[in-house]
1. Quick one: in region A:1-59, which of the residues that are of a type in the set (Phe, Trp, Tyr) and more than 13 Å from chain B (Cβ to nearest Cβ) is nearest to A:Val134 (Cα to Cα)?
2. What about B:Asp223, is it surrounded by fewer than 23 Cβ atoms within 10 Å (Cβ to Cβ) and under 30 Å from B:Asn108 (Cβ atoms)?
3. Could you figure out which of (1) surrounded by fewer than 22 Cβ atoms within 10 Å (Cβ to Cβ); (2) of a type in the set (S, T, N, Q); (3) assigned to a helix (DSSP H, G or I) isn't true of B:Thr178?
4. Got a number for residues in region B:226-246 being open to solvent by 10 Å² or more (accessible area, probe 1.4 Å), assigned to a helix (DSSP H, G or I) and among the hydrophobic types (A, V, I, L, M, F, W, C)?
5. Which number in (1) open to solvent by less than 40 Å² (accessible area, probe 1.4 Å); (2) at pLDDT below 80; (3) part of a loop (DSSP other than H, G, I, E, B) marks the one condition that A:Cys119 misses?
6. Looking at region B:202-225, is at least one residue free of Cβ contacts under 8 Å to residues at least 24 places away in the same chain, out of contact with any Leu (no Cβ under 9 Å at 6 or more places or on another chain) and of a type outside the set (A, V, I, L, M, F, W, C)?
7. Return the only residue of A:Pro143, A:Pro176 being modelled with pLDDT under 80 and open to solvent by 40 Å² or more (accessible area, probe 1.4 Å).
Amino acid sequence: MQLTNRAKKLEKKPMTLAERAYLPAIFQGLSITMRHFFMKKATVRYPEEVRPFAPIFRGLHVLKRDEQGRERCTACGLCAVACPAEAITMVAGERKKGEEGLYREEKYAISYEVNMLRCIFCGLCEEACPKAAVYLQADKIAPPRYERDEFIYGKDRLVEPVSPDERSVRGIQLTPEQADALRNKLAQQPA
Amino acid sequence: MIELPALGWQSIVIFVVFALSLLIATYCTYAERVIAAFLQDRVGPDRAGPYGLAQPLADAVKMFTKEEFFPGGANKALFIFGPCLAMITALMSSAVIPFGNNMSFGNNAFFLQGIEVNIGMLWVFGVVSLGVYGVMIGGWASNNKFSLLGAVRAASQNISYELAMGMALIAVLMISGTLSLRDITLQQSVAGEWHFWNIVKQPLGFIIFLVCAFAETNRTPFDLPECETELVGGYHTEYSSMKLGLYLFSEYVNIFVVSAVMSVLYFGGFNFPFQYELRDWLVSNHGWELASAQNLITILGTVGLFLKIFAFIFFFMWIRWTLPRFRYDQLMRLGWTILIPLAVINILITGGLILFGVIN
């Protein structure tokens, strides 16, 4: 029974002698693979060679320090408000006397946690931050873990190290020259 | 100079031939992975050693440290004997392959060949055809229906392709009139001529032999004995650790042997163009002794033979990573209705040409 007249009658053409002989097709296939033998390899030798990240890549969070090594974050909570995935939680505290070298403002974050299982790496926290404290690093992926609680990053893993050599600019590791410049700057300032 | 009896030299040659077959087969496993990777725009093994050259060693360590497993109700002795037989038959056939011409040191002259026998070709054929027992015993002793099916497939495939292979070979033997691989090689070298290789006289026979060689070594596109989709794995489904390793390894030894046999039968073995001219030129223009000039020719010829063998091994792998597997009925049709009649026609043509004195 014909339901529509859109049906196409397929005709199987008889094979030519070259097609039936089978060998020409084999040689054609062999030439294709041989061309691939000399092609540029798509593989990257990973641990030694890292594929460059895209310039707009957003990776693991970092809490920045200022030029004097003080934490920039004032625990205002704007990042947590901006976060569409509600991944950021923090507890604010008041700076005590003698802690001026540690925290930039009078208010600081006692705890600051990012849940990497919730985070969608949208970068809205970075945009919301008025103190330029939180950034998504441009060259670091959140590493895999075995346990769920290991994905909750506290201040111990988020805050940037004090040492100039381990600091970063916009998430990318400082070059030795930049680290030296920062070290000189820190040395000139009164403690 | 220490006078060594000829037998002493020969035993060294036998040892070298044996060790060389094993070494080349070992590095075939590495070459296979690298070539496969290159054909697929990948890099291949490069972690173990420089360029991954220690990869065969790593594979061996892995094979040896894996769990030994015997299926329940299996015949343990036969289960172990299967891979051993596959390996033994593969290695034994390399004994008669001539790897080079005469070498002479003082009074000692020896031929770079394991054993020189008049029935060299028959020996290779007989031993290679025993290889099917390794597969069959392995499949039978596994006490597994899939393994048995795989083994039966392998057996029927090997036997049907051996017929066409033997018939393709008969045409070569008609030309040479001898079964000795050494004599077949020497016949392909005529002073002043370089086009006396059998490939010129037997192009059709060579193609038939090549196709059958693929089927004999169970390589793609004829690797039906092992098949993940229909047979879980094939005749070695139940095998693990080094027993599986022996099966896979014997395949590579087979490839090496078949490549060597093809080079010897059709591509002039250790002969290379203008070898006698080179020798005479060295003797007359450079004042070399005839013996040392011949030694140099022998060494160059051996290198040339190995280049031919490596080219064939590369071709085997190139084919493997290009062509898909045959369907079983296609395989049988190709063997019985195409290759065997073609081989018979080839024999008739060769006979006619010999009769009318076109080739001798």
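1. A:Phe57
2. No: the conditions fail for B:Asp223.
3. Result: B:Thr178 passes all but (3).
4. Of the residues in that region, 3 qualify.
5. (2)
6. Yes, region B:202-225 contains at least one residue that is free of Cβ contacts under 8 Å to residues at least 24 places away in the same chain, out of contact with any Leu (no Cβ under 9 Å at 6 or more places or on another chain) and of a type outside the set (A, V, I, L, M, F, W, C).
7. On inspection, the qualifying residue turns out to be A:Pro176.
Condition check ((1) within 14 Å of another protein chain (Cβ to nearest Cβ); (2) closer than 27 Å to B:Arg219 by Cβ; (3) without any contact (Cβ under 8 Å) to a residue 40 or more places away in the chain) across all residues:
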site	(1), (2), (3)
B:Leu53	no, yes, yes
B:Leu57	no, yes, yes
B:Lys66	no, yes, no
B:Leu78	no, yes, no
B:Ser93	no, yes, no
B:Asn102	no, no, no
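The values are calculated or read from the model by the stated rules, or taken from the named source; none is laboratory data. Because the structure is a prediction, the values reported are computed rather than measured. Heads up, the Cβs are rebuilt from the backbone with ideal geometry, glycines too, and the neighbour counts pull from every protein chain shown. Just so you know, the surface numbers come from the protein's heavy atoms only, side chains and all, with ligands and any DNA or RNA stripped out. Shrake-Rupley method; radii C 1.70, N 1.55, O 1.52, S 1.80 Å.
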